[in-house]
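To keep things clear, I will list the structure first and then write my remarks on it.
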Amino acid sequence: MNHFFIDPQHIQESRVLFPSDVSHQIVRVLRLKMDSTVMVLDNHGHQYEVRLEDLDATQCIGEIVQTLKIETEPEIRLHLIIAMTQREKFEWILQKSCEIGVYKITPTISNRSIQISVSDFRKKKERWVRILKEAAEQSRRGMIPVLNAPVEIQAAFHDPAPIRLMAWENEQNIRLNDIFENQNFSEISLLIGPEGGFSEQEVQSAKSLGWIPFSLGKRILRMETAVIVASALILHQSGDI
């Protein structure tokens with residue numbers, strides 16, 4: 001069944017008035033037929049099974065058959081804070097971290113990361129939000145991950161999450177299993193550094209503010225690999241993966 005995220009303003013009582021871009025996709029791309037059933041989500045915790053009753057490439061109309069409970073979201077709200085990287089790699093990370101179940105993503109500017117201004121981010125944000133939306137629909141997420149504007153690394157260090165984890169290639173003793181042993185967390189922030197790693201000064205600053213460095217094993221992982229491995233391992237701890 002196809003999944004679509006629709007702005008709540010298009011959901012009116014027992015009907016869904018699909019916006020033009022989604023209507024075009026339904027009619028011209030997916031070529032769905034009358035009485036086909038689709039899933040509609042409003043990104044505010046509501047999910048509807050909808051029967052298509054009027055097909056038009058500019059505005060399809062559907063009848064809400066039933067409201068369903070969203071059961072695809074992880075129990076842990078995982079906030080991924082990632083050093084800004086090249087566009088292609090960053091977009092791949094957006095897609096895959098969404099599929100895995102990351103709740104929120106914040107790019108950060110560190111000593112060795114790619115630099116991006118707030119204005120440049122704004123120019124690209126529409127495309128990046130679309131990537132997240134499409135990944136959320138494909139993976140049947142119950143929500144689209146939040147994408148924050150980039151922040152400087154020192155600001156990122158002050159993230160208020162109750163537990164804050166930093167993947168660090170020079171950590172030799174602490175593994176994620178050690179951190180999660182006999183512990184349950186509902187909200188976690190995960191910090192992944194740039195290709196060149198964090199500077200020693202950045203690591204010490206993070207540790208002084210309560211960040212816990214941990215190891216991802218004896219091998220050095222590429223940045224994008226570290227994002228996926230660490231995110232998956234953390235969500236695995238809650239039984240989500």
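The values are calculated or read from the model by the stated rules, or taken from the named source; none is laboratory data. Keep in mind that this is a model prediction, so the values were computed, not measured. So basically every Cβ, Gly included, is an ideal-geometry build from the backbone, and we count neighbours across all protein chains shown.
Within the range 126-140, residues that are more than 11 Å from residue 95 (Cβ to Cβ) and not assigned by the TED database to the domain that holds residue 6 sit with their Cβ atoms under 6 Å from residues that are of a type outside the set (Phe, Trp, Tyr) and surrounded by fewer than 17 Cβ atoms within 10 Å (Cβ to Cβ), at 6+ positions apart or across chains, in these pairs: 140/72. Looking across the range 16-36 at every residue that is among the hydrophobic types (A, V, I, L, M, F, W, C) and in contact with a helix residue (DSSP H, G or I) (Cβ under 7 Å, 6 or more places away or on another chain), the one that is surrounded by the most Cβ atoms within 10 Å (Cβ to Cβ) is identified as 18. The residue that is surrounded by the fewest Cβ atoms within 10 Å (Cβ to Cβ), counting only those in the range 42-72 that are assigned to a loop (DSSP other than H, G, I, E, B) and more than 28 Å from the chain's Cα centre (by Cα), is 58.
Looking at the range 94-102, is at least one residue more than 17 Å from the chain's Cα centre (by Cα) and not charged (D, E, K, R)?
Step one: of the range 94-102, the residues more than 17 Å from the chain's Cα centre (by Cα) are none.
Within the range 94-102, none of the residues are more than 17 Å from the chain's Cα centre (by Cα) and not charged (D, E, K, R).
Just one of the numbered conditions (1) of a type outside the set (Asp, Glu); (2) over 15 Å from residue 80 (Cα atoms); (3) touching a strand residue (DSSP E or B) at 6+ places or on another chain (Cβ under 7 Å); (4) touching a residue at least 60 places away in the same chain (Cβ under 8 Å) is not true of residue 197: (3). The set of residues from the range 14-32 being in contact (Cβ under 8 Å) with a residue 40 or more places away in the chain and either farther than 15 Å from residue 65 by Cβ or not basic (Lys, Arg) (or both) comprises 14, 16, 17, 18, 19. All conditions in (1) surrounded by fewer than 21 Cβ atoms within 10 Å (Cβ to Cβ); (2) within 24 Å of the chain's Cα centre (by Cα); (3) touching a residue at least 12 places away in the same chain (Cβ under 8 Å); (4) under 30 Å from residue 152 (Cβ atoms) hold for residue 39, with the sole exception of (4). Quick one: would you say residue 205 is among the hydroxyl-bearing types (Ser, Thr, Tyr), in a strand (DSSP E or B), more than 30 Å from residue 38 (Cα to Cα) and not assigned by the TED database to the domain that holds residue 42? Judged against the criteria, residue 205 is not a match. Could you check residue 107 against (1) outside any loop (DSSP other than H, G, I, E, B); (2) touching a Phe, Trp or Tyr at 6+ places or on another chain (Cβ under 9 Å); (3) outside the structural domain of residue 10 (by the TED database); (4) surrounded by fewer than 18 Cβ atoms within 10 Å (Cβ to Cβ) and say which number it fails? All conditions are met except number (4). If I filter the range 172-181 for residues that are surrounded by 19 or more Cβ atoms within 10 Å (Cβ to Cβ), assigned by the TED database to the domain that holds residue 94 and either at pLDDT below 95 or not in a loop (DSSP other than H, G, I, E, B) (or both), do I get at least one hit? Within the range 172-181 (the criterion being surrounded by 19 or more Cβ atoms within 10 Å (Cβ to Cβ), assigned by the TED database to the domain that holds residue 94 and either at pLDDT below 95 or not in a loop (DSSP other than H, G, I, E, B) (or both)), the answer is yes, since at least one residue qualifies. Do we find a residue being in a helix (DSSP H, G or I) and of a type outside the set (Phe, Trp, Tyr) anywhere in the range 160-171? No, the range 160-171 contains no residue that is in a helix (DSSP H, G or I) and of a type outside the set (Phe, Trp, Tyr).
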